[in-house]
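Okay, so here's the structure we're looking at.
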Amino acid sequence: MRHLMSPLDFSVEELDRLLDLADDIEKYPEKYAHACDGKKLATLFYEPSTRTRLSFEAAMMNLGGNIFGFSSAASSSAAKGESVSDTIRMVSCYADICAMRHPKEGAPMVASAVSSIPVINAGDGGHQHPTQTLTDLLTIRSLKGRLDHLVIGLCGDLKFGRTVHSLVRALARYAHVTFVFISPEELKIPEYLKEDVLDAENIPYKEVERIEDVMPALDILYMTRVQRERFFNEEDYIRLKDFYILNNKKMKLAKEDMIVMHPLPRVNEIAVEVDKDPRAAYFRQVQYGVYVRMALILTLLEVNVC
Amino acid sequence: MLNIGGLSEGFVLDHIEAGRSMEIYQYLNLDKFDCCVAIIKNARSSKMGKKDIIKIECSIDAIDLKALGFIDHNITVNIIKDDHIVEKKRLSLPKEIKNVARCRNPRCITSIEQELDHIFVLTDPQKEIYRCKYCEEKYRRKKK
């Protein structure tokens, strides 16, 4: 039995197979409509999430399976003081697979150690968000045709943004990927990612403060939101939240075939006017998220569809 | 030089970096041991200039040497039995340590989950970096 804690849990070859399966699901959705008949997905969300939870639920429903769960810690037995380990032991008796989001980093790993069903990390604090990474990889491969030989700019909250951390680790495994980190001083990419992942493998990267300076060189611009819930201090949040706003003027500096991605929800870091630009890929990214979660559920449940 | 009596059974922890003996005393929970412990600070050393030494009179299976390797792998451990040194042990960095140090990341699951072991994994032997198994936060040693 396998779990998914980090995007690196899958080898590059396994990831290719997963993305191939997602491609097939996109092309022939009817083939998979009953692949999970009678199976149940538990969505254990200890903190609010719209997109990820609905994406998991849509994915399981598209496969013919059922869903149940909770969408905040207050509506679960965690409010009574139940541990993550006890909750997952109980849920293992009800469901065939589960997706867990938790504000504490490492909570899904604790669950996976005692679970008798596959556990998917659906986001743990500022640590990992592997299914967003799978979504991002499928989006990039589908829209750019490759995962290597890319220059990717990551912009905004690079310190607390778990989607960024996971994506950097995943893309670092492909040849000739260059990272450009665009952030204010206070929200720079953590040292451990630079030391352990990039420096250790001699992967080229640079850190800049102004988005305009690097825009012409980018194949992908990955925007992120400055997240209120990651700050201990409201003043810091208010001071930094509007640091980077992408608009049509800045988009004029970009390549014709660059794509703009965003894990969503956006607040105001991408002006609404950019939505009409054909390079804006963030809503297509949402759709790819459903396909890749369908592929993941099938893989972890070891369901083969001929 | 100050003279401290010999041991019939126990450990002599030698080549401790000068000034770190009390930190090691705390890590090894020696305050909870009901045995004779001698701490020698700033002893003269030809190799180190100054060093600390700890002598512990106890059963030789009473101390977790794996934890000691994590604290300072340059320490030499002399194991004493029947009034003689039976082994001079060089320590190495353990691959994993359990409940020796606590994760200080307030966002880590170890901060709330009941009875969860605090586990650190050696991720970079060259730079001697340990990270929390759960949240990957780097272990930061206490400042002297």
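Label-to-label distance for A:GLU201 and A:LYS27 is 2.8 nm, based on points extended 7 Å past Cα in the beta-carbon direction. Its Cα centre serving as origin, the protein assembly as shown has a Cβ charge dipole (Lys and Arg +1, Asp and Glu -1) of approximately 740 debye.
Other residues with beta-carbon under 14 Å from the beta-carbon of A:SER85 carry, at +1 per Lys or Arg and -1 per Asp or Glu, a net charge of -3.
Legend: mean number of C-beta atoms from other chains within 10 angstrom of residue C-beta atoms, peptide B:104-116, equals 6.
For B:ASN42 and A:ALA217, FRET efficiency with R0 = 41 Å and r from the beta-carbon atoms, rounded to 0.05? The value I calculate is 0.10. A cut-off under 10 angstrom between Cβ atoms defines the neighbours of A:LYS241, and their net charge, with Lys, Arg +1 and Asp, Glu -1, is -1. Normalised by the number of residues in chain A, the mean separation of alpha-carbon contacts (under 8 Å, six or more apart) gives a relative contact order of 20 percent.
Taking every DSSP beta bridge that has both ends in the protein assembly as shown, the antiparallel portion is near 50%. The length gained by stretching the chain between B:SER92 and B:ASP61 to full extension, at 0.36 nm per residue less their Cα-Cα distance, is 9.4 nm.
Out of B:SER46, B:SER59, B:SER92, any idea which swings most in a Gaussian network model of chain B, alpha carbons joined below 10 Å? Looking only at B:SER46, B:SER59, B:SER92, the biggest GNM fluctuation is shown by B:SER46. Suppose a student asked you for the relative contact order of the range A:18-65, using Cα pairs under 8 Å spaced at least 6 residues apart; what percent would you report? Computed value for the range A:18-65: 50 percent relative contact order.
With the helix formula -39500 (n - 2.57) applied to DSSP H stretches of n ≥ 4, chain B reaches a computed 222 nm mean residue ellipticity of -2500 deg cm²/dmol. In this structure, A:GLU13 and A:VAL114 have a Cβ-Cβ separation that, at R0 = 25 Å, corresponds to a calculated FRET efficiency of about 0.25.
Summarising the label geometry, the points placed 7 Å from Cα in the beta-carbon direction at A:ASP86 and A:ARG279 lie 5.4 nm from one another. Straight Cα distances below 21 angstrom link B:LYS133 to the lysines A:LYS104, A:LYS159, A:LYS194, B:LYS66, B:LYS95, B:LYS98, B:LYS142, with same-chain residues fewer than 8 positions distant left out. Rounded to the nearest 20, the size of the Cβ-charge dipole of chain B about its Cα centre is 880 debye, with Lys and Arg at +1 and Asp and Glu at -1.
Mean sequence separation of contacting Cα pairs (under 8 Å, at least six apart), scaled by the length of chain B, corresponds to a relative contact order of 21 percent. Only helices reaching 18 angstrom along their own axis (Cα) with mean Kyte-Doolittle hydropathy no lower than -0.5 count here, and for the DSSP H runs of chain A these are A:12-27, A:130-144, A:282-300. Within the same chain, lysines fewer than 8 places from A:LYS144 are excluded, and of the rest, those with a Cα less than 20 Å from its Cα are A:LYS27, A:LYS252, A:LYS255, A:LYS276.
The length gained on full extension between A:ALA79 and A:ILE245, counted as 0.36 nm times the residue separation minus their Cα-Cα distance, comes to 56.0 nm. When +1 charges are put on Lys and Arg Cβ atoms and -1 charges on Asp and Glu Cβ atoms, the dipole computed for the range A:61-197 relative to its Cα centre reaches about 300 debye.
Distance between the 7 Å Cα→Cβ label points at A:LYS188 and B:SER8: 6.0 nm.
Taken together, the values in this text are just the output of simple stated rules run on the coordinates, not laboratory data. Bear in mind that the values here come from a model prediction, so they are computed numbers and not experimental data. Please note: Cβ atoms are built from the backbone with ideal geometry, for glycine as well, and neighbour counts cover all protein chains shown.
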